[in-house]
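The values are calculated or read from the model by the stated rules, or taken from the named source; none is laboratory data. Remember, it's a predicted structure, so these values are computed and weren't measured experimentally. Here the Cβ positions follow ideal geometry from the backbone for every residue, glycine too, while neighbour counts run over all protein chains shown.
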Amino acid sequence: MQGSQRKAVLCLSGGMDSCVCAAIAARDFDEVYALHFSYGQRTEARELEAAREVARLTGVAELMALKVDIFRRIGGSALTDASIAVPNAVHGEIGAEIPVTYVPFRNAHFLSAAVSWAEVVGAKTILIGAVEQDSSGYPDCRPAYYDAFNELVRLGTKDGDIRVETPLIRLKKSEIVQLGVELGAPLHVSWSCYSGEREACGVCDSCVLRLKAFHEAGTTDPIPYAAGTIRD
(Lines give C-alpha, C1' and ligand atoms only; values in the text may rest on other atoms or scores of the structure.)
Protein backbone atom coordinates (compact mmCIF):
# COMPACT_ATOMS: atom_id res chain seq x y z
CA MET A 1 0.00 0.00 0.00
CA GLN A 2 1.19 3.50 -0.81
CA GLY A 3 0.57 4.73 2.72
CA SER A 4 2.77 2.02 4.24
CA GLN A 5 5.84 2.84 2.16
CA ARG A 6 8.86 4.10 4.06
CA LYS A 7 9.91 7.44 2.60
CA ALA A 8 12.94 9.62 3.19
CA VAL A 9 14.16 13.01 2.06
CA LEU A 10 17.87 13.02 1.30
CA CYS A 11 20.10 16.10 1.29
CA LEU A 12 22.23 15.31 -1.74
CA SER A 13 25.19 17.57 -2.44
CA GLY A 14 26.81 15.13 -4.85
CA GLY A 15 29.85 14.74 -2.60
CA MET A 16 31.31 11.51 -1.26
CA ASP A 17 29.41 11.53 2.03
CA SER A 18 26.02 12.31 0.51
CA CYS A 19 26.69 9.64 -2.14
CA VAL A 20 27.11 7.02 0.59
CA CYS A 21 23.98 8.38 2.30
CA ALA A 22 22.13 7.88 -0.98
CA ALA A 23 23.19 4.23 -0.98
CA ILE A 24 22.00 3.87 2.63
CA ALA A 25 18.68 5.48 1.72
CA ALA A 26 18.25 3.15 -1.25
CA ARG A 27 18.84 0.18 1.04
CA ASP A 28 16.57 1.27 3.88
CA PHE A 29 13.67 3.12 2.27
CA ASP A 30 11.03 2.40 -0.36
CA GLU A 31 11.00 5.93 -1.78
CA VAL A 32 13.76 8.53 -1.61
CA TYR A 33 13.28 12.19 -2.47
CA ALA A 34 16.58 14.00 -2.96
CA LEU A 35 17.12 17.71 -2.45
CA HIS A 36 20.09 19.52 -4.00
CA PHE A 37 21.09 23.14 -3.61
CA SER A 38 23.04 25.34 -5.98
CA TYR A 39 23.90 28.26 -3.72
CA GLY A 40 26.61 30.14 -5.56
CA GLN A 41 29.41 27.74 -4.65
CA ARG A 42 32.40 27.71 -7.00
CA THR A 43 31.65 24.22 -8.30
CA GLU A 44 27.86 24.40 -8.34
CA ALA A 45 27.47 23.14 -11.92
CA ARG A 46 29.76 20.17 -11.28
CA GLU A 47 28.05 19.36 -7.98
CA LEU A 48 24.64 19.40 -9.63
CA GLU A 49 25.90 17.04 -12.31
CA ALA A 50 27.22 14.71 -9.62
CA ALA A 51 23.96 14.86 -7.65
CA ARG A 52 21.93 14.01 -10.74
CA GLU A 53 24.10 10.99 -11.49
CA VAL A 54 24.06 9.76 -7.89
CA ALA A 55 20.27 10.15 -7.82
CA ARG A 56 19.89 8.25 -11.08
CA LEU A 57 22.20 5.41 -10.10
CA THR A 58 20.65 4.93 -6.65
CA GLY A 59 17.05 4.97 -7.87
CA VAL A 60 15.89 8.23 -6.29
CA ALA A 61 12.18 8.78 -6.91
CA GLU A 62 12.59 12.52 -7.46
CA LEU A 63 15.45 15.00 -7.37
CA MET A 64 14.49 18.56 -6.55
CA ALA A 65 17.30 20.90 -7.58
CA LEU A 66 16.93 24.33 -6.01
CA LYS A 67 18.93 27.48 -6.68
CA VAL A 68 19.30 30.04 -3.92
CA ASP A 69 21.22 33.29 -4.02
CA ILE A 70 21.45 34.18 -0.34
CA PHE A 71 24.89 32.70 0.37
CA ARG A 72 26.51 34.30 -2.67
CA ARG A 73 25.07 37.67 -1.70
CA ILE A 74 26.04 37.32 1.95
CA GLY A 75 29.56 36.13 1.13
CA GLY A 76 31.97 35.45 3.96
CA SER A 77 32.99 32.00 2.67
CA ALA A 78 35.68 30.95 0.23
CA LEU A 79 33.10 28.70 -1.42
CA THR A 80 30.77 31.57 -2.35
CA ASP A 81 32.86 34.75 -2.22
CA ALA A 82 35.27 35.30 -5.14
CA SER A 83 37.34 37.68 -3.02
CA ILE A 84 38.30 34.86 -0.62
CA ALA A 85 40.67 32.24 -2.01
CA VAL A 86 40.17 28.55 -1.37
CA PRO A 87 43.28 27.64 0.66
CA ASN A 88 45.43 24.59 0.18
CA ALA A 89 45.08 22.10 2.99
CA VAL A 90 47.78 22.04 5.63
CA HIS A 91 48.34 18.46 6.73
CA GLY A 92 47.80 18.03 10.44
CA GLU A 93 45.81 21.24 10.77
CA ILE A 94 42.52 20.28 9.06
CA GLY A 95 39.73 20.63 11.59
CA ALA A 96 41.86 22.53 14.11
CA GLU A 97 39.73 25.64 13.60
CA ILE A 98 36.72 26.64 11.53
CA PRO A 99 38.08 27.25 8.00
CA VAL A 100 37.24 29.98 5.50
CA THR A 101 35.33 27.38 3.44
CA TYR A 102 32.62 27.29 6.12
CA VAL A 103 29.36 28.69 4.70
CA PRO A 104 27.58 30.50 7.57
CA PHE A 105 24.72 28.39 8.97
CA ARG A 106 24.24 26.71 5.59
CA ASN A 107 22.89 23.35 6.76
CA ALA A 108 20.02 24.99 8.65
CA HIS A 109 18.72 26.38 5.36
CA PHE A 110 19.06 23.02 3.62
CA LEU A 111 17.41 21.11 6.44
CA SER A 112 14.52 23.56 6.68
CA ALA A 113 13.66 22.94 3.03
CA ALA A 114 14.02 19.19 3.55
CA VAL A 115 11.62 19.27 6.51
CA SER A 116 9.07 21.24 4.48
CA TRP A 117 9.23 18.73 1.64
CA ALA A 118 9.07 15.79 4.06
CA GLU A 119 5.80 17.13 5.49
CA VAL A 120 4.30 17.29 2.00
CA VAL A 121 5.41 13.86 0.73
CA GLY A 122 4.80 12.07 4.03
CA ALA A 123 8.42 11.25 4.82
CA LYS A 124 9.35 10.79 8.46
CA THR A 125 13.11 10.70 7.97
CA ILE A 126 15.61 13.19 6.57
CA LEU A 127 19.11 11.96 5.81
CA ILE A 128 22.17 14.18 5.61
CA GLY A 129 25.79 13.13 5.24
CA ALA A 130 27.22 15.28 8.01
CA VAL A 131 30.53 14.00 9.39
CA GLU A 132 32.22 15.17 12.57
CA GLN A 133 35.36 13.05 12.69
CA ASP A 134 38.16 13.52 10.13
CA SER A 135 36.36 16.57 8.77
CA SER A 136 37.04 20.26 8.27
CA GLY A 137 35.55 21.26 11.62
CA TYR A 138 32.31 22.88 10.49
CA PRO A 139 30.02 23.68 13.46
CA ASP A 140 26.91 22.49 11.59
CA CYS A 141 28.36 18.98 11.31
CA ARG A 142 28.33 18.20 15.03
CA PRO A 143 25.93 15.80 16.79
CA ALA A 144 24.72 18.50 19.20
CA TYR A 145 23.65 20.62 16.24
CA TYR A 146 21.35 17.87 14.95
CA ASP A 147 19.98 17.13 18.42
CA ALA A 148 18.97 20.77 18.67
CA PHE A 149 17.57 20.86 15.16
CA ASN A 150 15.44 17.79 15.81
CA GLU A 151 13.90 19.53 18.80
CA LEU A 152 13.07 22.47 16.54
CA VAL A 153 11.46 20.08 14.03
CA ARG A 154 9.44 18.42 16.81
CA LEU A 155 8.08 21.75 17.99
CA GLY A 156 7.66 23.41 14.63
CA THR A 157 5.97 20.82 12.40
CA LYS A 158 2.38 19.71 12.18
CA ASP A 159 2.79 16.24 13.67
CA GLY A 160 6.24 16.66 15.19
CA ASP A 161 7.35 13.20 14.10
CA ILE A 162 9.94 13.98 11.41
CA ARG A 163 13.54 13.29 12.38
CA VAL A 164 16.87 14.26 10.86
CA GLU A 165 19.28 11.33 10.84
CA THR A 166 23.04 11.52 10.36
CA PRO A 167 24.18 7.93 9.74
CA LEU A 168 27.80 8.91 9.01
CA ILE A 169 28.42 11.53 11.66
CA ARG A 170 30.60 9.44 13.98
CA LEU A 171 32.45 7.53 11.26
CA LYS A 172 35.95 8.23 10.05
CA LYS A 173 36.24 9.19 6.40
CA SER A 174 37.97 5.89 5.63
CA GLU A 175 35.06 4.02 7.22
CA ILE A 176 32.66 5.97 5.01
CA VAL A 177 34.61 4.87 1.93
CA GLN A 178 34.53 1.26 3.13
CA LEU A 179 30.79 1.47 3.75
CA GLY A 180 30.26 3.02 0.33
CA VAL A 181 32.18 0.21 -1.35
CA GLU A 182 30.17 -2.40 0.59
CA LEU A 183 26.88 -0.79 -0.44
CA GLY A 184 27.90 -0.25 -4.05
CA ALA A 185 27.60 3.53 -3.76
CA PRO A 186 28.44 5.23 -7.09
CA LEU A 187 31.50 7.00 -5.72
CA HIS A 188 32.89 7.34 -9.24
CA VAL A 189 30.30 10.02 -10.07
CA SER A 190 30.55 11.93 -6.77
CA TRP A 191 32.43 15.23 -6.53
CA SER A 192 34.07 16.77 -3.48
CA CYS A 193 36.55 19.37 -4.72
CA TYR A 194 36.01 22.96 -3.59
CA SER A 195 37.49 24.57 -6.71
CA GLY A 196 37.95 22.21 -9.67
CA GLU A 197 35.17 21.19 -12.04
CA ARG A 198 36.94 19.14 -14.72
CA GLU A 199 39.60 17.72 -12.42
CA ALA A 200 39.70 17.75 -8.64
CA CYS A 201 42.47 20.05 -7.44
CA GLY A 202 43.93 17.55 -4.97
CA VAL A 203 45.06 20.25 -2.53
CA CYS A 204 41.94 21.76 -0.90
CA ASP A 205 40.73 20.41 2.47
CA SER A 206 38.01 18.37 0.85
CA CYS A 207 40.30 16.72 -1.70
CA VAL A 208 42.99 15.95 0.88
CA LEU A 209 40.48 14.40 3.27
CA ARG A 210 38.95 12.37 0.47
CA LEU A 211 42.28 11.11 -0.87
CA LYS A 212 43.41 10.19 2.64
CA ALA A 213 40.16 8.30 3.23
CA PHE A 214 40.49 6.21 0.09
CA HIS A 215 44.14 5.47 0.87
CA GLU A 216 43.34 4.36 4.44
CA ALA A 217 40.45 2.25 3.12
CA GLY A 218 42.89 0.45 0.83
CA THR A 219 41.30 1.50 -2.43
CA THR A 220 41.78 4.12 -5.16
CA ASP A 221 39.62 7.18 -5.59
CA PRO A 222 38.01 6.80 -9.04
CA ILE A 223 37.52 10.49 -9.86
CA PRO A 224 40.01 12.52 -11.96
CA TYR A 225 42.59 14.68 -10.20
CA ALA A 226 44.98 17.35 -11.43
CA ALA A 227 48.34 16.18 -12.70
CA GLY A 228 50.83 15.64 -9.91
CA THR A 229 48.24 14.73 -7.28
CA ILE A 230 49.58 12.08 -4.91
CA ARG A 231 46.86 9.46 -4.43
CA ASP A 232 48.59 7.33 -1.79
Say we look at the stretch 16-38 and pick out the residues that are surrounded by fewer than 22 Cβ atoms within 10 Å (Cβ to Cβ) and either of a type outside the set (A, V, I, L, M, F, W, C) or in contact with a Gly (Cβ under 6 Å, 6 or more places away or on another chain) (or both); which of these is nearest to S112 (Cα to Cα)?
-> S38
Contact list, first residue from the stretch 87-103 and loosely packed, with under 14 Cβ neighbours inside 10 Å and at pLDDT 75 or above, second anywhere and of a type outside the set (K, R) and not in a loop (DSSP other than H, G, I, E, B), beta-carbon distance below 8 Å, six or more apart or interchain, is I98/P139
Is there a residue in the stretch 116-124 that is among the β-branched types (V, I, T) and crowded, with 16+ Cβ neighbours inside 10 Å?
-> no
Test set (1) part of a helix (DSSP H, G or I); (2) at positive phi - G40 fails condition number | (1)
So which residues in the stretch 1-24 are modelled with pLDDT of 95 or more and not in a helix (DSSP H, G or I), if there are any at all?
-> R6, K7, A8, V9, L10, C11, L12, S13, G14, G15
Selection from the stretch 125-170 of residues that are of a type in the set (A, V, I, L, M), surrounded by 19 or more Cβ atoms within 10 Å (Cβ to Cβ) and either at pLDDT below 95 or closer than 27 Å to P99 by Cα (or both) = I126, L127, I128, A130, V131, V164, L168, I169
With respect to A108, is the statement that it is closer than 21 Å to G15 by Cβ, part of a helix (DSSP H, G or I) and small (G, A, S) true?
-> yes
Before we move on, is G184 over 30 Å from Y225 (Cβ atoms) and surrounded by fewer than 18 Cβ atoms within 10 Å (Cβ to Cβ)?
-> no
The correct count of residues that are at pLDDT 95 or above, part of a helix (DSSP H, G or I) and either among the aromatic types (F, W, Y) or more than 13 Å from E49 (Cα to Cα) (or both) in the stretch 188-205 is 0
Kindly indicate whether any position in the stretch 139-161 is free of Cβ contacts under 8 Å to residues at least 40 places away in the same chain and closer than 23 Å to L48 by Cα.
-> yes
Odd one out for L155, checked against (1) part of a helix (DSSP H, G or I); (2) touching a Ser or Thr at 6+ places or on another chain (Cβ under 9 Å) = (2)
